[in-house]
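Undergrad: Pasting in a structure now, in structure tokens, and then I'll have a few things to ask.
Computed from the coordinates by the stated procedures, all read-outs in this text should not be read as laboratory data. Computed from a prediction, not measured in an experiment: that's the story for all the values here. Every residue, glycine as well, gets a Cβ built from its backbone with ideal geometry; the counts of neighbours run over all protein chains shown.
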Amino acid sequence: MQFSGENLSCIRGERVVFSKLNFHVKPGNALIITGSNGSGKTSLLRLIAGLTTPESGYISWGDSPILEKPENHSDRLHYIGHLNALKSTISVLENLKSWSFLHGGNTKTVINAIKSLNLDGLEDIPCRYLSSGQKQRVTLARLIASDAPLWLLDEPTNALDQNSVDLLHSLINKHLEKGGMLIIATNTELQVEKYRELKMDDFSGSHEILTSDK
């Protein structure tokens, strides 16, 4: 099932952030969105997540525009933005359980998420006592705590040390190997095999999509 956007444009205030933008992602593949600050990386991710609507164009899952049934689109994705959205007063385990159970996960997937992000030993600690890197790992653990075919990640390596970045690369590649899809905004080099790059800086016209055989 291909996920795609056609002739997308985005306006914020009186500024055209980008226009005439096209993308497509197939199962098992990643789209890496790169560009300078203000080029529209986060704005595009929010459109893709269905949180905002484009000025023109449309985004489709297969043949169905996502805005026709936004609840279905919400169920098929995990979106992790700049805010971790953790409840600071409850524990790591409680945060992940509340997220997972609302998104079709269970106790087994929560335990697997904790192990996958090296959060063992932190389960009972309230999130307000965690470091920035630990909070980011708890946030990323949501990707494993419940299943979704489409991952949308906005600068997910922020605050992560190299070991945690390597863990994220491993999780991403496992997700793609299972036929999942990834759209990620980052200027950090990622160790993924099948990807396309979408460069945002030339927002006044159609954006070039480069295919890599890495």
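Undergrad: Between segment 134-191 and segment 58-124, how far is it from one alpha carbon centroid to the other, in angstrom?
TA: Their Cα centres are 12 Å away from one another.
Undergrad: If you take every residue apart from Asn95 with its C-beta less than 14 Å away from the C-beta of Asn95, what net charge results, scoring Lys and Arg +1 and Asp and Glu -1?
TA: On the way: positive: Lys87, Lys97, Arg128, Lys135, Arg137, Arg142; negative: Glu94, Glu123, Asp124.
Spelling it out: positives minus negatives among the neighbours equals +3.
Undergrad: Ok, one more. I want to check the label-to-label distance for Ser170 and Ser132. Put each point 7 Å from Cα in the C-beta direction and report it in nm to one decimal.
TA: Spacing of the two 7 Å Cα→Cβ label points: 2.5 nm.
Undergrad: Next question, about the same structure. ³J(HN,Hα) across segment 129-138 via Karplus (A = 6.51, B = -1.76, C = 1.60, θ = phi - 60°), whole Hz, x for Gly/Pro?
TA: 8, 7, 6, 4, x, 5, 4, 5, 5, 4
Undergrad: Sticking with this one: Defining a contact as two alpha carbons under 8 Å apart and six or more residues distant in sequence, what relative contact order in percent does the chain show?
TA: 30 percent
Undergrad: For segment 84-148, what relative contact order do you get, as a whole percent, if you take Cα pairs closer than 8 Å and at least 6 residues apart? Before the final figure, lay out each step's value.
TA: On the way: 89 pairs, mean separation 32.7, N = 65.
Relative contact order here is 50 percent.
Undergrad: To continue, here is another question. When you take every Cα atom in segment 32-109, what is the radius of gyration, and what is Dmax, the widest Cα pair distance, in Å?
TA: Reported Rg and Dmax, both Å: 15.5, 43.
Undergrad: Using the charge dipole of the chain (Lys, Arg: +1 at Cβ; Asp, Glu: -1 at Cβ; taken about the Cα centre), state which of Asn158, Ser91, Met200 has its Cα farthest towards the positive end.
TA: Ser91
Undergrad: Another question, then. May I ask for log10 I(q)/I(0) of segment 112-187 at q = 0.14, 0.24 Å⁻¹, from a Debye sum over the Cα atoms as equal point scatterers with solvent left out?
TA: Log-scaled intensity ratios, in q order: -0.43, -1.23.
Undergrad: Any idea how far apart Ser36 and Asp161 come out in nm if each label point goes 7 Å out from Cα toward Cβ?
TA: With each label placed 7 Å out from Cα toward Cβ, I get 3.5 nm.
Undergrad: Would you list which lysines come within 23 Å of Lys26, measuring only between C-alpha atoms, while excluding same-chain residues fewer than 8 positions from it?
TA: Lys41, Lys69, Lys174, Lys178, Lys194, Lys199, Lys214
Undergrad: Please report, in debye to the nearest 20, how large the charge dipole of segment 84-148 is about its Cα centre when each Lys and Arg carries +1 at its beta carbon and each Asp and Glu carries -1 there.
TA: Dipole magnitude for segment 84-148 comes out near 140 debye.
Undergrad: Then there's this: Under the Karplus relation 6.51 cos²θ - 1.76 cosθ + 1.60, θ = phi - 60°, what is the ordered set of whole-Hz ³J(HN,Hα) values for segment 148-158, x standing for Gly and Pro?
TA: 7, x, 10, 9, 10, 10, 10, 6, x, 7, 4
Undergrad: Considering only Asn37, Thr188, Val138, whose Cα is most displaced toward the positive end of the charge dipole of the chain, charges sitting on Cβ of Lys, Arg (+1) and Asp, Glu (-1)?
TA: Going by the Cα projections, it comes out as Val138.
Undergrad: What translational diffusion coefficient, to the nearest whole µm²/s, does segment 84-148 have by Stokes-Einstein, given a Kirkwood radius computed over alpha-carbon pairs, a temperature of 4 °C and 1.567 mPa s viscosity?
TA: D = 116 µm²/s.
Undergrad: In addition: Where nothing but the Cβ of Lys and Arg (+1) and of Asp and Glu (-1) is charged, how large is the charge dipole of the chain around its Cα centre, in debye to the nearest 20?
TA: Dipole about the Cα centre, nearest 20: 320 debye.
Undergrad: Additional query: With each pseudo-label sitting 7 Å past Cα toward Cβ, what's the Ile125-Asp75 distance in nm, one decimal?
TA: Roughly 3.7 nm, to one decimal.
Undergrad: What list of ³J(HN,Hα) values in whole Hz, one per residue of segment 90-104 in order, does the Karplus curve 6.51 cos²θ - 1.76 cosθ + 1.60 (θ = phi - 60°) give from phi, with Gly and Pro shown as x?
TA: 10, 6, 4, 4, 5, 4, 5, 5, 5, 5, 4, 5, 6, 10, x
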